[in-house]
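K.L.:
Please read through the structure below; I'll follow up with questions.
The values are calculated or read from the model by the stated rules, or taken from the named source; none is laboratory data. Since we're looking at a predicted model, the values are computed, not measured. Here the Cβ positions follow ideal geometry from the backbone for every residue, glycine too, while neighbour counts run over all protein chains shown.
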Amino acid sequence: MAAVQPLQTPPIIKPAVQRVSDPAHSAAVIFLHGADDDAASWENLAHAIHRTSTLPYARFILPTAPHNTTLNRPAWFAPTSPRAFSPTSPSPTSSPPPSASSTPPSSPTYSAADPAGLRSSVALVSDLISTLTTTSGLDPARIVLAGRAAPGGGGAAVALLTALTSPEWAGRLGGVVALGEGTGPAADAETAALEDVYAVLPLPKERVQRWRAEAGLPAEAGDLPVFWGRAGGAPPAAPRKSDGVSMGGPVGGEKKARKPGHGRRASEVLVDGLGMDADSVMVREYGVGRGGKGMKMGAGVLEEDVLRDMCAWMERMVPPLE
């Protein structure tokens, strides 16, 4: 078990706005901020969700990552360049990245982030879950982990890795939400797809599988509900394992398969690479073709359609019990 880097400040806690007769009937959302912000930046998100009359029985826990002395800011882990090695490679390459004048590789690659930092943050989040379950009697299936996805070290990666690799909580949580602003322009579609993956899973899948094995978990993740809201670029295609990751239409509506696009790799890493059930992974695309607004996430503000879809998904994962 990794050593836990303690939080320097207590988490922000937003209580539920609706009282329940049994504490076990409540729910909780642990939201992990992005690479260049902190918990206070997302405090308004809890208010926005409660204003939609969604999840009134849920409390929100917003921790700020420990201060990273190297980065001189709060950080869940220290990111590295997203092109140091292949997503299926178990360790970084020793060769330096190619110069601008070099011939580009035939397949883009990305690096592992700071494994020790990630494991420490996973242990930290696991401790938060333990506190919730022991102090309130809350079933871990009533807890959703959420975070901002960003190649620079967003909390979505820690949320997903906790749900995948925690010896105590993997396979027992209500689900994972990843909110990402997309990668922006890229040299080619394949590179854009890999950078998308890096934002939510900044480790090669072999390392994730090894951590699962060390935790006594099966190789395949199986039924782990994931809502992945992305902005910019083409929508991720349905992975090969299924006729469709849920993509279009209202949340919970008919599933639609996409033809292969640059986001295919992103879906495949979760479904083919880690053995998640395709029907459990919902990838929603925002931006071009959705009113042109994109996904705004400054100061914890989400566009109306993003907020609506995310809230509907979370309420299906942790529905009201009274």
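K.L.:
Applying the selection to the range 267-287, what residues are within 18 Å of the chain's Cα centre (by Cα) and modelled with pLDDT under 80?
P.N.:
Ser267, Glu268, Val269, Leu270, Asp272, Gly273, Glu285, Tyr286 - these are the residues of the range 267-287 that are within 18 Å of the chain's Cα centre (by Cα) and modelled with pLDDT under 80.
K.L.:
Please work out if Ala141 is more than 11 Å from the chain's Cα centre (by Cα) and at pLDDT below 75.
P.N.:
no
K.L.:
Kindly indicate whether Ile12 is surrounded by 16 or more Cβ atoms within 10 Å (Cβ to Cβ), among the hydrophobic types (A, V, I, L, M, F, W, C), at pLDDT 90 or above and within 19 Å of the chain's Cα centre (by Cα).
P.N.:
No; evaluated as a whole, the condition is false for this residue.
K.L.:
Ok, one more. With the requirement that a residue be among the acidic types (Asp, Glu) and modelled with pLDDT under 95, what does the range 168-185 give you?
P.N.:
Glu181, the sole residue that qualifies.
K.L.:
Within the range 15-59, which residues are within 19 Å of the chain's Cα centre (by Cα) and of a type in the set (Asp, Glu)?
P.N.:
Matches in the range 15-59: Asp36, Asp37, Asp38, Glu43.
K.L.:
Quick one: would you say Ala150 is under 16 Å from Val306 (Cβ atoms) and either modelled with pLDDT of 95 or more or more than 9 Å from the chain's Cα centre (by Cα) (or both)?
P.N.:
So Ala150 passes the test.
K.L.:
A further question on this structure: Out of the residues in the range 109-168 that are assigned to a strand (DSSP E or B) and small (Gly, Ala, Ser), which is nearest to Pro319 (Cα to Cα)?
P.N.:
The residue in question is Ala146.
K.L.:
Filtering the range 211-250 down to residues that are of a type in the set (Lys, Arg) and modelled with pLDDT of 50 or more, which residue is surrounded by the most Cβ atoms within 10 Å (Cβ to Cβ)?
P.N.:
Here the answer is Arg230.
K.L.:
Inspect the range 43-52 for any residue being crowded, with 21+ Cβ neighbours inside 10 Å, within 25 Å of Arg316 (Cα to Cα), touching a helix residue (DSSP H, G or I) at 6+ places or on another chain (Cβ under 7 Å) and not polar (S, T, N, Q) and give the result as yes or no.
P.N.:
Checked the range 43-52: at least one residue is crowded, with 21+ Cβ neighbours inside 10 Å, within 25 Å of Arg316 (Cα to Cα), touching a helix residue (DSSP H, G or I) at 6+ places or on another chain (Cβ under 7 Å) and not polar (S, T, N, Q).
K.L.:
Another question about this same structure. Going through the range 55-102 one residue at a time, which ones are of a type outside the set (S, T, N, Q), at pLDDT 50 or above and part of a loop (DSSP other than H, G, I, E, B)?
P.N.:
If the condition is that a residue be of a type outside the set (S, T, N, Q), at pLDDT 50 or above and part of a loop (DSSP other than H, G, I, E, B), then Leu55, Pro56, Tyr57, Pro63, Ala65, Pro66, Leu71, Ala75, Trp76, Phe77, Ala78, Pro79 are the ones that fit.
K.L.:
Please pick out the residue among Thr191, Thr165 that is under 21 Å from Leu128 (Cβ atoms) and either surrounded by fewer than 24 Cβ atoms within 10 Å (Cβ to Cβ) or modelled with pLDDT of 80 or more (or both).
P.N.:
Thr165
K.L.:
Going through the range 288-308 one residue at a time, which ones are at pLDDT 65 or above and either buried (at least 20 other Cβ atoms within 10 Å of the Cβ) or closer than 18 Å to Asp196 by Cβ (or both)?
P.N.:
The answer is Leu302, Val306.
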